[in-house]
1. Go through the stretch A:664-692 and report how many residues are open to solvent by 60 Å² or more (accessible area, probe 1.4 Å), among the β-branched types (Val, Ile, Thr) and modelled with pLDDT under 85.
2. Within the stretch A:82-115, take every residue that is open to solvent by less than 60 Å² (accessible area, probe 1.4 Å), over 26 Å from residue B:156 (Cα atoms) and more than 14 Å from chain B (Cβ to nearest Cβ) and give me the one that is modelled with the highest pLDDT.
3. All but one of (1) more than 8 Å from every other protein chain (Cβ to nearest Cβ); (2) at pLDDT below 85; (3) over 18 Å from residue A:101 (Cβ atoms); (4) open to solvent by less than 30 Å² (accessible area, probe 1.4 Å) hold for residue A:132; which doesn't?
4. Answer with yes or no whether residue B:126 is assigned to a strand (DSSP E or B), at pLDDT 75 or above and more than 30 Å from residue A:143 (Cβ to Cβ).
5. Please pick out the residue among B:61, B:139 that is open to solvent by 20 Å² or more (accessible area, probe 1.4 Å) and modelled with pLDDT of 75 or more.
6. Scan the stretch A:49-76 and report the pairs whose first residue is within 14 Å of chain B (Cβ to nearest Cβ) and within 23 Å of residue A:211 (Cβ to Cβ) and whose second residue is at pLDDT 90 or above and open to solvent by 70 Å² or more (accessible area, probe 1.4 Å), with Cβ atoms within less than 7 Å and a gap of 6+ or a chain change.
7. Just to be sure before I move on: is residue B:38 modelled with pLDDT of 75 or more, open to solvent by less than 30 Å² (accessible area, probe 1.4 Å) and not in a strand (DSSP E or B) in the structure I sent?
Amino acid sequence: MKKPIKYVNFILFIISLLLLISLQSYTHLSTSLLSILPNGEVKELIKNFEQTQNSKVLLLAVKDFDNEALKKILTLEKELTALPLVSKKGIKQNSKFQKHKEVYKLYSQEIDLVKLKKLDVRKELQALYNDMTSSFFPVQIDKNDPFKILSSPRIPSVVLKNGHMILDNYGYMSFFVLQSKSLKEHQILYRQIKTIVNNDENIKVFSPVFYYVENSQAIKSDVNKIILIATVILLLLYLLLLRDLSLLLNTITTLGTSAMIATMMITQLYDEVSIFVFVFGISISTIAIDYMFHHYIHDFFNTSKSLNKEVLFGFLTTVSAFFILSFTSFLLIKQIAIFAMVSLFVSYVIFALLYPKIGFKKFNYKHYSSSYNFNVLNPNKLLLLSLVLVLSSSMWIHFDFDLKNLDYNNVKLKKTEKFFIEHFNAHKYISFAIKANSIDDLIENAKIVQRTVNAVQLPLSDLLSKNTYEHNKEILQDMKSIHNTLVAEAKQLGFKEGYFDSAYYPNKKYISCTLDKIKAYGMDVVKIKDTYYTYGKIDKDIYEKIASYNFVKSLSLKEHFEKYMKESINKLFVLGALALLVIIVLLFFITKNTMGYALLFLLFPLSIVGIYAYFTAINILHIFMMFVILAISIDYAIYLSKKNDALTKRAIGYSLISTFAGFGVLIFSKINALFSMGIVATIGIVSIFILLIFVKGVKHES
Amino acid sequence: MFFWEEKMFKVLLILFLTVFPAFSKTIYFSEEKYIEALGKTFTKKGKISFLKNKIEIIYSHDNSILTYNGDYLITKKNNKIRKLDLAKKPSVKMFFILFEAIYFNKKRVLKTYFSRKETKGITQLIPNETISAYIEGVHFKKNSKKLDFLDIKLKNKDRIHIEETN
């Protein structure tokens with residue numbers, strides 16, 4: 001009977017793997033930061049915006065204005081546009097849009113009433129005639145508006161030299177649009193662009209897409225380095241201390257099974273799950289190694305002992321804490337909490353119920369005696385000190401929710417980005433969206449924004465809207481005398497008969513713009529549920545002027561994340577406090593008269609992190625890691641309160657080393673996100689080691 | 001002046017100057033212009049001079065002078081002077097920057113706006129999408145020293161015929 005059960009663990013792993021493949025759970029995993037935002041209007045809006053042409057641009061600049069520089073940039077343009085996912089962003093105009101503007105100009109543009117009041121038709125027409133006849137070059141006349149009473153559509157101004165766009169005081173420049181969508185496509189494109197551009201110091205090339213590629217490469221190489229260190233530490237731990245290859249293989253298999261089941265579960269609940277949930281979730285799953293160590297060291301894997309109550313209580317307390325945290329509105333932490341609960345449950349069940357049936361070699365315990373007694377610290381005094389420190393830290397603790405501060409500090413690329421920003425009038429532009437319930441209202445809202453800030457680029461504001469049509473029609477009815485005078489005077493001056501028949505004459509019927517028409521005009525308008533959206537760009541410093549309109553929405557992921565964080569942080573703290581309270585209550589029932597000692601394992605690491613918070617701003621990953629450390633501490637608190645012997649301490653010691661291999665090594669990372677996790681993990685691990693070695697033990701009831 | 005007017009003005013002037021021999025310091029020209037709005041044709045004569053740090057266009061019929069000095073476009077006519085700040089009109093400035101480049105025979109500029117076709121010594125320029133809304137087409141014939149003719153057809157049905165008269 002014993003033989004087949006040895007393979008059950010591996011069979012479970014294979015079944016989980018097959019299920020994972022058949023359910024295609026991994027396809028729900030997303031590398032986009034968007035996936036950590038809750039589903040809703042903003043998420044949909046940004047997602048749609050990312051698919052528009054304006055979201056991914058490539059800037060190219062070649063130093064100097066000489067012929068060689070011009071030749072170089074033209075060659076580069078040719079090579080870059082030959083790439084399948086690159087196209088040049090020019091100033092070419094959409095002919096259908098031009099036609100619409102021409103036909104409905106009288107009704108879609110604002111009429112300058114001051115100019116209209118002062119208008120002298122005869123004088124103006126004479127001046128126009130003189131201009132046409134005396135100018136060396138032909139003077140273009142707008143048949144509908146020869147006196148330019150209507151506001152003219154805004155055209156972006158570009159500075160050119162030798163027929164090419166230039167960057168002031170630098171050299172020639174070009175704009176391109178990138179059509180790559182996934183990280184894989186970004187990477188391929190990045191390599192192709194870099195091959196073309198080469199390492200020429202006179203060429204500057206930048207795209208926000210480069211951040212995805214370069215940062216993910218930097219993170220990957222950093223993570224590889226860390227994985228190597230972690231693997232070495234873990235192998236040393238398992239092979240030198242445990243010396244049981246079968247146990248090692250089974251443990252890895254169990255952790256894999258639990259991670260796969262948790263992944264399947266979470267992807268069944270959510271359509272899109274951030275890769276962060278997967279990574280952090282797996283990290284938390286490794287806490288379960290701790291269950292294995294305690295069962296193994298206390299000889300539960302080769303005897304018919306009943307359940308290890310300490311591990312069961314530890315598991316239930318940790319899961320209770322994650323259960324409470326899962327009620328947070330902050331999607332990332334909610335999903336991580338669910339993932340952690342599922343994976344810890346699976347691991348616990350396998351370690352506690354299956355492993356004793358499989359049976360492993362007895363742990364070979366070697367007792368090392370020492371004449372030194374390090375247990376010098378009084379737990380009660382240390383508990384009091386920790387409590388004072390935790391409460392005091394609220395005076396200096398401050399938060400940093402800027403997502404960029406968590407990312408890899410790509411100095412070189414930031415410098416290139418700064419170069420382009422500085423040469424573009426030293427302004428940084430942000431994207432925004434305008435929304436409305438109908439196309440007509442959307443055009444009207446675009447006109448309002450355009451009137452508020454003239455510098456905004458919103459082509460939609462040049463389209464016909466019902467409101468502007470009615471408004472202009474009323475004014476044009478009063479302009480009939482101007483029309484008649486113009487026609488008569490033109491005839492007298494020698495203009496062709498009928499040339500100004502359509503000038504200021506209201507003879508067009510209103511026709512509403514449809515979504516298809518607008519798209520044919522080359523504009524970005526999307527319909528999400530029953531709402532229409534269009535996109536625009538504005539100088540960051542003047543965004544405030546339009547931000548107060550309730551139909552304007554920022555498209556800054558950073559801004560929404562921060563807002564979302566600030567909104568969720570209070571609830572998260574309430575839930576955190578509630579989780580802590582539940583832990584304390586559970587600890588009271590589990591540990592009874594040794595509760596003070598158990599609490600020390602929660603409050604002491606927390607107090608050291610509190611001291612650390614004096615020197616740095618606390619970010620989301622510090623908070624996240626604190627939960628992990630607290631989850632581990634609960635287990636240790638329960639184990640030691642129940643059985644404060646050398647074996648328990650050894651199990652905890654091994655478990656701490658494996659935790660350090662999993663999380664602590666992140667302290668060697670150059671990426672702030674990983675370093676933040678590593679530093680809190682290391683503080684937590686060192687704190688618990690201090691407690692293990694230096695704090696006097698407690699007397700147990702048995 | 002509307003953007004497209006400036007643009008057209010700029011493109012026409014580039015065209016005009018591009019096809020003239022670049023080594024000339026002063027070019028004399030005659031122009032026939034048909035204006036559709038009036039249904040009439042006008043003829044004018046003038047000269048273009050390339051001076052140090054400036055370009056000057058002088059019309060002989062009314063002695064009006066256009067001067068470009070890098071930052072401003074100054075129009076002088078009947079003792080009236082109009083000064084156009086080119087920092088506010090980047091497209092006009094661009095034209096003159098191009099203008100200088102053309103003077104030094106940088107033919108690459110034409111490629112930015114047109115595709116080229118040659119038949120029996122006559123060159124046809126087909127406008128690309130950027131300017132096709134304003135220009136219908138261009139034809140010219142020139143030898144190494146002299147421009148025989150330059151014909152420009154505009155979208156609004158205006159036509160210009162220019163000849164070098166040196």
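The values are calculated or read from the model by the stated rules, or taken from the named source; none is laboratory data. The structure presented is a predicted model; accordingly, all values stated were derived computationally and were not measured. In this analysis, Cβ positions are derived from the backbone assuming ideal geometry, glycine residues included, and neighbour counts consider all displayed protein chains. Quick note on the areas: whole protein, heavy atoms, side chains included, nothing else; ligands and nucleic acids left out. Shrake-Rupley method; radii C 1.70, N 1.55, O 1.52, S 1.80 Å.
1. Within the stretch A:664-692, residues that are open to solvent by 60 Å² or more (accessible area, probe 1.4 Å), among the β-branched types (Val, Ile, Thr) and modelled with pLDDT under 85 number 0.
2. Here the residue is A:83.
3. (1)
4. Judged against the criteria, residue B:126 is not a match.
5. Going through B:61, B:139 in turn, just one is open to solvent by 20 Å² or more (accessible area, probe 1.4 Å) and modelled with pLDDT of 75 or more: B:139.
6. Filtered contacts from the stretch A:49-76: no entries.
7. Answer is yes for this residue.
Every residue, every condition in (1) at pLDDT 85 or above; (2) over 20 Å from residue A:278 (Cβ atoms), yes or no:
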residue	(1), (2)
A:11	yes, yes
A:16	yes, no
A:32	no, no
A:40	no, yes
A:48	no, yes
A:59	yes, yes
A:64	yes, yes
A:67	no, yes
